[in-house]
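Report on one structure; see the data block that follows.
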Amino acid sequence: MATTRDQIQIGGNIFEQRHGKERVRVGRVWRSGDNRYNFVEWNVSISLLSDCVNAYVSADNSDIVATDTMKNTVYVKAKECKEQVSVEEFAIILAKHFTSFYPQVTTAIVKIVEKPWERISMNGQPHDHGFKLGSEKHTTEAIVQKNGSLRVTSGVVGLSLLKTTQSGFEGFIRDQNTILPETRERMLATEVSASWRYQFESLSSINNKPLQFTEKYLRVKKVLVDTFFGPPKEGVYSPSVQATLYDMAKAVLGRFPDISSIHLKMPNIHFLPVNLSSKVNPVIVKFEDDVYLPTDEPHGSIEASLSRPMSKM
C-alpha cells in the first residue's frame, strides 16, 4: 500500500520531511502521420520522500535530489514520450523514475493539473491543429514507492453545472435563526470537484492500453453530469445537494468496478429570487421563478466520500 509518511526519531523527537518542486508547467505536442496535432498543457508538482535527513541535521546535501533537477526531469520525460500519454500515465512515469533512479528516494508523489485545451471544430469538422480553452480541469495524483506499490487518483475540478428547475429543499431544521423558506421549486447550481481512486495497488497491475485513463476520465465525468441532470426531457428531481451528490457518487461506483472510492465536493451556489418594491410602487419586480441575483459567496459547502468495503481514499 502506497504511503505518504516517512518518520524517523531524532533526539527523542519524531521527524518527518519531504521536498519537491511545485508548478512546473509543460506543454507537449504530438504529430501523427496524417498531419494531425495533439496538444496538452500540464502543471506538475513533485514531492519526494527520501533519506536525506543529513541535509537537515548535519548540513550535508550529498543525498538531496535538487529541485531544479526535478524540474528538468519533467521536460526530459515529456520529450521521451514519443506517443501521446494521458496525464495519469505521465504522473506514473515521473514517479517511477524518481523511485527507481535514486537509491535514497523511497516514495514519489506526483500531482498534475491538465489545462483544458479542446480541439475546435469548423463547420462540423475537427481542426487538425486548432484548440480553444475549455472550463473544467483534469487532475491526477500518482504515488509510487520503491517496492512498486502504486496509488492513482484521478479527478475533475471546476465542473460547473446548473439546472433551472427540478430542485427543492424541504424538511430541514428550523429554529430561531432560520429564515430560509422551504421550496420544491428552485434553481440548483454547483461547481463539482471530484476525485476517484483506482483499485490497483502496484505498477505491475496496470495494463498498457494507450490513453486508458483519459477514456475513463471522460466516462466518469459523463456519469456525474448525466446523474446530476437526469433524462433530457423530464430531468430528475433533486431534494437536496446532499441527495444529488450521493446519487452521483453511487452511480460512479456502480458503473466502474475498477474505481474503489470517490470524493465529491459540491458547493451550493445560490441564485437569489429578485423582488423589488418601493413606497410608491409596491411591485416593481415580482419574482415568478424568472429573475435572479447570481451570487458566489457565501455559499453552502457540501462534500462526502463513498468507498467500497476495505478501500481507502
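Here are some notes:
- At R0 = 30 Å, FRET efficiency that the Cβ-Cβ distance of Thr183 and Ile284 yields, to 0.05: 0.85
- Positive contributions from Lys and Arg (+1) and negative ones from Asp and Glu (-1), summed over other residues with Cβ under 12 Å from the Cβ of Lys222, come out at +2.
- Separation in nanometres of the label points that stand 7 Å from Cα toward Cβ, at Glu83 and Ser62: 4.3 nm
- Given Lys77/Lys111; Lys77/Lys132; Lys82/Lys137; Lys163/Lys250, the pairs whose alpha carbons are separated by over 22 Å: Lys77/Lys132; Lys82/Lys137
- Long pairs among Lys146/Lys216; Lys96/Lys216; Lys146/Lys222, criterion Cα-Cα beyond 25 Å: Lys146/Lys216; Lys146/Lys222
- The HN-Hα couplings worked out from phi for region 173-180 by the Karplus form 6.51 cos²θ - 1.76 cosθ + 1.60 (θ = phi - 60°) are 5, 10, 9, 5, 9, 8, 10, 5 Hz, whole numbers, x standing for Gly and Pro.
- Accessible-area ranking of Tyr246, Tyr217, largest first, probe 1.4 Å: Tyr246, Tyr217
- Binning the C-alpha pair distances of the chain at 20 Å intervals from 0 yields a P(r) profile of 26, 48, 23, 3, 0 %, listed from the shortest bin outward.
- For the chain, built as a Gaussian network whose Cα springs stay under 10 Å, the top-fluctuating residue of Asn147, Asn207, Asn123: Asn123
- Taking the protein heavy atoms of region 249-313 in the context of the full set of protein chains, the accessible area attributed to carbon and sulfur is 59 percent at 1.4 Å.
- For region 1-84, the list of GluC sites (Glu not before Pro) that fall in a loop by DSSP and count at most 13 other C-beta atoms within 10 angstrom reads Glu83.
- Heavy-atom accessible area per residue - the chain, 1.4 Å, Å²: 57 Å²
- Charge context of Val65, other residues only, Cβ under 13 angstrom, K/R +1, D/E -1: 0
The values are calculated or read from the model by the stated rules, or taken from the named source; none is laboratory data. Quick caveat: nothing in here was measured; it's all calculated off a predicted structure. Glycine gets a Cβ as well: all are built from the backbone with ideal geometry, and neighbour counts include every protein chain shown. Keep in mind that these areas ignore ligands, DNA and RNA; they rest on the heavy atoms of the full protein, side chains included. Shrake-Rupley method; radii C 1.70, N 1.55, O 1.52, S 1.80 Å.
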